[in-house]
Amino acid sequence: MAIDVRRADPDRQWQIPALVAVLTLLFAVPAIGLSWGWSAQLDLDRSIADAAYDVSRQREWLIDLLEIIAVVASNWGTGIGLTVLAGWMLWRKERGIAGWVIASGIVVIGGNALIKLIFTRDRPFWDHPLHEIGGYSFPSGHSAGAGVFFTVLGLLTVVATGRGWKRRVLLTLWTLLTLAVAASRVLLGVHFFSDVVAGVAFGSLATMLLWILLVSGNGRAPSETATATGSGRFQSAVILNPSKIADVADFRAKVSQVAASYGWNEPRWFETTVEDPGHGQTRAAIAGGVDLVVAAGGDGTVRAVCEEAARTGVAVGILPHGTGNLLARNLDIPVNTRDALDVVYAGQDRAIDLATFRRDDEDDTAFLVMAGLGMDAMIMSGVNDQLKKKVGFLAYFVSGTRAITFPRTKVTITIDDEEPVTFKARTVVVGNVGQLQGGIPLLPDAEIDDGRLDVVVVAPKRFIGWVAIVARVMTRRLTNDKRLTRLSGERVHVKAEKPVPMQLDGDGVGEGSEITAEVHQGVVLIRVPVALPPAT
């Protein structure tokens, strides 16, 4: 993954000072209370220590676990962990970050020892101690070590990953592990509550301050996005779907800032409406002579913009704000706004295919990702919009549990000028790309610029048949059988024996009994990350 320290810059300038202030208070309040002998703090420390001791002394297995944590989270364990992280950064040629990791370990471990000598607080006394240890109590060295180590891990997680569920899961894990180490010291009876609070705060605060001093402000574009393409023309238009963006004003400011940093003029702004999801706005932008149209919204907004930009020579940048964002994912475009902006204003153009979709006797409609009929369309149509806003893609899983019993329907499929083939299918998907959410390879041979459409026919007779289908999809087995068949061609015609639900790029489009899909090769230019040169 690319290391881009700008990812650690918050969207709002007050956030880092606020965090530093909170950490300072968490250290200063216990320190002042201890110095001045606040009875409330001392009483709280003693009552918590007594309660924790009673919990641990009755559980031998817990004491054994706490002893293991004590060894792993010791100064030696923290030092080894930080050394490994620094070595990893040196291997990545990130010398500045490696220096920050080393400096953080030295300052926190050494500084914590000096602070102990200033306060000289005795450890909790027990007639039958659970763990023998010497030295002073305030602040907790293990907690300070956890503060520095997991703050380092947290910042490295931020600068090495894009925004999304993976980052949130990792940051939550680092936070929980920090709290676990701190709690273990109280449960083992070797520290008071204020000792571990001050220890964690000191370790995290010192690490944050050193980041601000040594690393922050030295950002650069990730190597994957390199530099601007240098077209010599720098006017963009942003077509945004306001229903997908929580704070439009903040979003506009962020886009304008990044555009200016790459030498582009202030973007021209257009907002979609319920009546016009992006077609008219894109036509107006192109007519105004822009050099780049940026689609900020879900797959529906992206589809409308690309349909109008096709064959114009004007490239399309994508700022994904939908639930699926399948086109962006299949083109390796980051799904978090800050990284995607680097691709929009500093990427390279790639010509991709556009497919047209005709249902029954209606007019052609474009799609870039996938079109389908049957069970998959029923899932898309059955998603609760409010639930989708709350839980994202998991809303499709909820809808899928209701659609799993969708009956098999007789369909006849004609590829190009070949003989028609008949199936009893639960769903038929025509794809311009191959991967679903989470990298699931539904159509492993599909390429977005190969001038072909790939088709998958899913036809299990019973529920148990889905197990075999899932196994085949995940293992990328390409052989066909009665449960799952894959086809490919430039033109696909599907006729069902009765009207069934249909979907286009993840949006339900009602029912129909006949569709025709045709590919148009290389008619849309999309901004994608700059390809890295081969390793030498």
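Things worth noting here:
- Residue in the range 189-207 that is surrounded by fewer than 22 Cβ atoms within 10 Å (Cβ to Cβ) and out of contact with any helix residue (DSSP H, G or I) (no Cβ under 7 Å at 6 or more places or on another chain) present: no
- Whichever residue in the range 153-183 is in a helix (DSSP H, G or I) and of a type in the set (S, T, N, Q) and, among such residues, is nearest to Pro334 (Cα to Cα): Thr157
- Qualifying residue in the range 481-504 (condition: at pLDDT below 85 and more than 25 Å from Ile415 (Cβ to Cβ)): no
- Wholly enclosed helices (runs of 4 or more DSSP H) of the range 281-383 bearing at least 2 residues crowded, with 22+ Cβ neighbours inside 10 Å and at pLDDT 85 or above: 299-309, 326-330, 337-346
- Test result for Trp264, of a type in the set (Phe, Trp, Tyr) and assigned to a loop (DSSP other than H, G, I, E, B): yes
- Residue in the range 124-141 that is outside any loop (DSSP other than H, G, I, E, B) and either surrounded by 17 or more Cβ atoms within 10 Å (Cβ to Cβ) or in contact with a strand residue (DSSP E or B) (Cβ under 9 Å, 6 or more places away or on another chain) (or both) present: yes
- Contacts under 9 angstrom Cβ, first residue in the range 406-417 being at positive phi, partner surrounded by fewer than 19 Cβ atoms within 10 Å (Cβ to Cβ), 6 or more apart: Asp416/Glu490; Asp416/Arg491
- Residues of the range 77-133 classified as among the aliphatic types (A, V, I, L, M) and more than 26 Å from the chain's Cα centre (by Cα), total: 14
- Conditions (1) surrounded by fewer than 16 Cβ atoms within 10 Å (Cβ to Cβ); (2) within 30 Å of Ala160 (Cα to Cα); number of the one not met by Asn75: (1)
- Top-ranked residue of the range 48-89 - restricted to ones that are among the hydroxyl-bearing types (Ser, Thr, Tyr) and in a helix (DSSP H, G or I), ranked as farthest from His191 (Cα to Cα): Thr83
- Restricting attention to the range 511-526 and to residues that are of a type in the set (S, T, N, Q) and surrounded by 17 or more Cβ atoms within 10 Å (Cβ to Cβ), the residue that is modelled with the highest pLDDT turns out to be Thr516.
- Positions within the range 116-134 being among the aliphatic types (A, V, I, L, M) and closer than 19 Å to Ala51 by Cα, in sequence order: Leu130
The values are calculated or read from the model by the stated rules, or taken from the named source; none is laboratory data. All values reported here derive from a predicted model rather than from experimental measurement. Please note: Cβ atoms are built from the backbone with ideal geometry, for glycine as well, and neighbour counts cover all protein chains shown.
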